[in-house]
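Colleague: Just dropping this structure here.
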Amino acid sequence: MPFVTPEELANVQPDYIIVGGGTSGLTLAARLTEDPNITVLVVEAGIHHGATELIDTPGFMGRTIANPTFDWTFLSVPQKRANDRVVLQPRGKGLGGSSLNNFLGIFRPSKVEIDALEELGNPGWNWDNFLHYLKKSETLQVPDISPTNALKYAAKPDPEYHGTEGPIKNSFGPVWAEMHLKLFEAAEALGIPRNPETGNGRNDGCMTSLLSVDATTAKRSYAASAYLEPNLDRKNLLVLTEAYVTKILLEDDGDLKRAVGIQYLRDGKPLRIDTVKRDVIVAGGTLQTPQTLELSGIGNPSILSKFGIETVIDLPGVGENLQDHVGVTTIVEVNTTDETVDTLADPQILKKHEELYKHTKMGMFATVPAPAFVFLSADALGSPEDVASWKEHAHAQNTEVLANAVPSLKSGLEKQYKVQQKLLADKQQSQAELLQFAGRQPLPYAPPGEPGKRYTSLFCALTHPLSRGTVHIAAADPLAPPAIDPNYFANAADLALAVRIVQFALKVYATPPLAGHVTKTLLPPADALAKGEEGIRDYVKANCGPVYHPVGTAAMMPREDGGVVDPSLKVYGTSNLRVVDCSIMPLELSCHIQSIAYAIGEKAADILKAEIARA
């Protein structure tokens, strides 16, 4: 067993220490320890959940959110352009990280988005290279669906673009619903075609999501179950849980700093490991990696000095450039024979699906209530004049950010915005996502449903926000949560786009054949709709929230552009400290990012293996 105690580590000299046993961290650990001569220590603040019904059952999607056993349950700072609300920012807690509590949809970005990484100064980070790692992480389980229905439901993946031997099992759910099909038919009537294969570099249009679910067991397939647990017999893979890393230990190494180990807390005791032979790798995720770096003296001196932390490496990009998809839901009552999640309030229907799942791995608990998606380009949301206006907003002076005062950050942000201008102009690049939830989406602002009624929801998300937020330490105490500021609508174009996305969803509801099933609108409420665009704008500001896909706070860009890591994922100013998680992505992507987290871990492993081979 790889699980160790601090006492057992006393005489261990690991080649690598990975800070964070999340999605990317466990991927990297599993791949590095394929070499029995390489010892890896994973240090995780949470626990190993093991076989847990709340995690494993696909139909329980969302039940771990805000549960402190599984979720760090972070909160944002008050959002001044969103009615000063404090907004929940979930992050997975335990081995597997956010792959243990995400909503299971596994999507890919577009080719243009990934090729943009190379354009931003990262040689080797392009679509052709990255596709290799997306495939390496997965095994596609081909759906048992007729060719006709595969086309109707836009669920016909091309094996050329998918893996057959990767740890993560990807499949389609066993429920094919009427409202799912009517959504696609209505969207197509509005000019949005079906796209049965969105993993090939073009991800716009209507599609059924692949799910990170093992179809043979009908259980979640995630970093702990797929990358860690099959390798528990490896003697060179060590895992220390319930250990909170408080600092990276750095020493002089010529003009650079060398990471020699970590300080951590376990059972309230301060401990350290300072015997690492190769690298220390931070894999805490977008919301926690910058906190670890800043506590270690890496970041903006003006921020560190507020908390009495000496600056060891001046890197103003640490914690800047936060981006996440932001959205709000719409809900309508529908006339349908579909068994939506609303029907589970009936004890007989609930019992039926519990038995189906238990005995046949079928029914509503074998899948998620959100399989259908529509991805929209900017031209679907507005006129050519609107698109021109949104492109014009893609400049640093239009966004309230530190970049306007720090030349390197401004340089990098302007380069990002040039990419975003191209994405806005491209009719094949997604700027919005409509996520169909089969039922009344259980969000805090959703009004109660009526017994016996059935509903469908369209969550409306902006995929490429122009706004930029921050994540910084809020105290010198390493156990204090970070100050997370998504900075919603810091660029006015984001609010304008969010309103248009909601308006498009309402148009879909009003378009046959879906219109023939809609009997009543719950959200936005009638008083908001009565005020037209102004009412929808107020509704968005009062209820918007994240889609749990944060990126960007340790951006992979040149140092002179405010970057934090180079293309080998090494932190600038160090010889052996790296970041391996989604915080390295300088730009938000039009996908759900768990696929990216696995691919980053896979690619990082090959980067490190190549260095070992050259040594």
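The values are calculated or read from the model by the stated rules, or taken from the named source; none is laboratory data. Quantities reported herein were computed from a predicted structural model and do not represent experimental measurements. Glycine gets a Cβ as well: all are built from the backbone with ideal geometry, and neighbour counts include every protein chain shown.
Colleague: Do any strands (runs of 3 or more DSSP E) lying entirely in segment 222-283 carry at least 1 residues that are touching a Ser or Thr at 6+ places or on another chain (Cβ under 9 Å), touching a residue at least 24 places away in the same chain (Cβ under 8 Å) and within 30 Å of residue 171 (Cβ to Cβ), and which ones are they? Working first, answer last.
Modeller: Working: elements: 237-240, 244-253, 256-266, 269-273, 279-282.
The qualifying strands (runs of 3 or more DSSP E) are 237-240.
Colleague: From 287, 293, which residue is within 29 Å of residue 32 (Cβ to Cβ), modelled with pLDDT of 95 or more and not in a loop (DSSP other than H, G, I, E, B)?
Modeller: On the way: 287 fails: not in a loop (DSSP other than H, G, I, E, B).
Of the residues listed, the single one that is within 29 Å of residue 32 (Cβ to Cβ), modelled with pLDDT of 95 or more and not in a loop (DSSP other than H, G, I, E, B) is 293.
Colleague: Sticking with this one: Return yes or no: is residue 538 of a type in the set (Asp, Glu), assigned to a helix (DSSP H, G or I) and closer than 30 Å to residue 509 by Cβ?
Modeller: yes
Colleague: If you take the residues of segment 352-405 that are over 23 Å from residue 331 (Cα atoms) and of a type in the set (Phe, Trp, Tyr), which of them is surrounded by the fewest Cβ atoms within 10 Å (Cβ to Cβ)?
Modeller: Top of the filtered list is 357.
Colleague: Within segment 491-501, can one find any residue that is in contact (Cβ under 8 Å) with a residue 12 or more places away in the chain and farther than 22 Å from residue 392 by Cβ?
Modeller: no
Colleague: A further question on this structure: Got a number for residues in segment 499-535 being not in a helix (DSSP H, G or I) and not charged (D, E, K, R)? Full working, then the answer.
Modeller: Taking segment 499-535 and keeping what is not in a helix (DSSP H, G or I), we get 510-513, 518-525, 531.
Right, trim to not charged (D, E, K, R) and you get 510-513, 518-519, 521-525.
Going through segment 499-535 one residue at a time, the tally reaches 11.
Colleague: Going by what's in this entry, would residue 260 be described as of a type outside the set (S, T, N, Q), farther than 30 Å from residue 340 by Cβ and over 26 Å from the mean Cα position of the chain (by Cα)? If you could, list the steps in order and put the result at the bottom.
Modeller: Details: of a type outside the set (S, T, N, Q): yes; farther than 30 Å from residue 340 by Cβ: yes; over 26 Å from the mean Cα position of the chain (by Cα): yes.
Taking the combined requirement at face value, the residue satisfies it.
Each row is one residue, and each column tells you yes or no for (1) surrounded by fewer than 17 Cβ atoms within 10 Å (Cβ to Cβ); (2) more than 29 Å from residue 425 (Cβ to Cβ).
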position: 84; (1), (2): yes, yes
position: 117; (1), (2): no, no
position: 120; (1), (2): no, no
position: 147; (1), (2): yes, yes
position: 151; (1), (2): yes, yes
position: 161; (1), (2): yes, no
position: 170; (1), (2): no, yes
position: 175; (1), (2): no, yes
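Colleague: Just one of the numbered conditions (1) more than 20 Å from the chain's Cα centre (by Cα); (2) crowded, with 24+ Cβ neighbours inside 10 Å is not true of residue 22; which one?
Modeller: Tallying (1) more than 20 Å from the chain's Cα centre (by Cα); (2) crowded, with 24+ Cβ neighbours inside 10 Å, residue 22 fails exactly one: (1).
Colleague: Which condition does residue 54 not pass, out of (1) assigned to a loop (DSSP other than H, G, I, E, B); (2) without any contact (Cβ under 8 Å) to a residue 40 or more places away in the chain; (3) not aromatic (Phe, Trp, Tyr), if it passes all the others?
Modeller: (1)
Colleague: Turning to a different aspect of this structure: Residues in segment 367-393 that are closer than 30 Å to residue 211 by Cα and either outside any helix (DSSP H, G or I) or without any contact (Cβ under 8 Å) to a residue 24 or more places away in the chain (or both): how many?
Modeller: Looking only at segment 367-393, we keep the residues that are closer than 30 Å to residue 211 by Cα, and these are 367-381.
So of that shortlist, the ones also either outside any helix (DSSP H, G or I) or without any contact (Cβ under 8 Å) to a residue 24 or more places away in the chain (or both) come out as 367-377.
Residues flagged as closer than 30 Å to residue 211 by Cα and either outside any helix (DSSP H, G or I) or without any contact (Cβ under 8 Å) to a residue 24 or more places away in the chain (or both) within segment 367-393 amount to 11.
Colleague: Right, another one. Could you tell me whether segment 439-453 includes any residue that is of a type outside the set (A, V, I, L, M, F, W, C), over 30 Å from residue 334 (Cα atoms) and either in a strand (DSSP E or B) or touching a Leu at 6+ places or on another chain (Cβ under 9 Å) (or both)?
Modeller: Pass one, segment 439-453, residues of a type outside the set (A, V, I, L, M, F, W, C): 439-442, 444-445, 447-453.
Next cut, over 30 Å from residue 334 (Cα atoms) only: none.
Scanning segment 439-453, I find no residue that is of a type outside the set (A, V, I, L, M, F, W, C), over 30 Å from residue 334 (Cα atoms) and either in a strand (DSSP E or B) or touching a Leu at 6+ places or on another chain (Cβ under 9 Å) (or both), so the answer is no.
Colleague: Out of the residues in segment 454-498 that are part of a loop (DSSP other than H, G, I, E, B), more than 18 Å from the chain's Cα centre (by Cα) and of a type in the set (Gly, Ala, Ser), which is farthest from residue 349 (Cα to Cα)?
Modeller: 476
Colleague: Okay, next question. Test residue 331 against the criterion of being more than 29 Å from the chain's Cα centre (by Cα) and among the hydrophobic types (A, V, I, L, M, F, W, C), and give yes or no.
Modeller: On the way: more than 29 Å from the chain's Cα centre (by Cα): no; among the hydrophobic types (A, V, I, L, M, F, W, C): yes.
It is false that residue 331 is more than 29 Å from the chain's Cα centre (by Cα) and among the hydrophobic types (A, V, I, L, M, F, W, C).
Colleague: Out of the residues in segment 126-153 that are assigned to a helix (DSSP H, G or I) and among the aliphatic types (A, V, I, L, M), which is nearest to residue 113 (Cα to Cα)? Lay out the reasoning, then the answer.
Modeller: Within segment 126-153, the subset assigned to a helix (DSSP H, G or I) is 127-136, 147-152.
Okay, now just the ones that are also among the aliphatic types (A, V, I, L, M), so 131, 134, 150-151.
On the way: 131: 12, 134: 14, 150: 27, 151: 26 Å.
Checking each candidate, the answer is 131.
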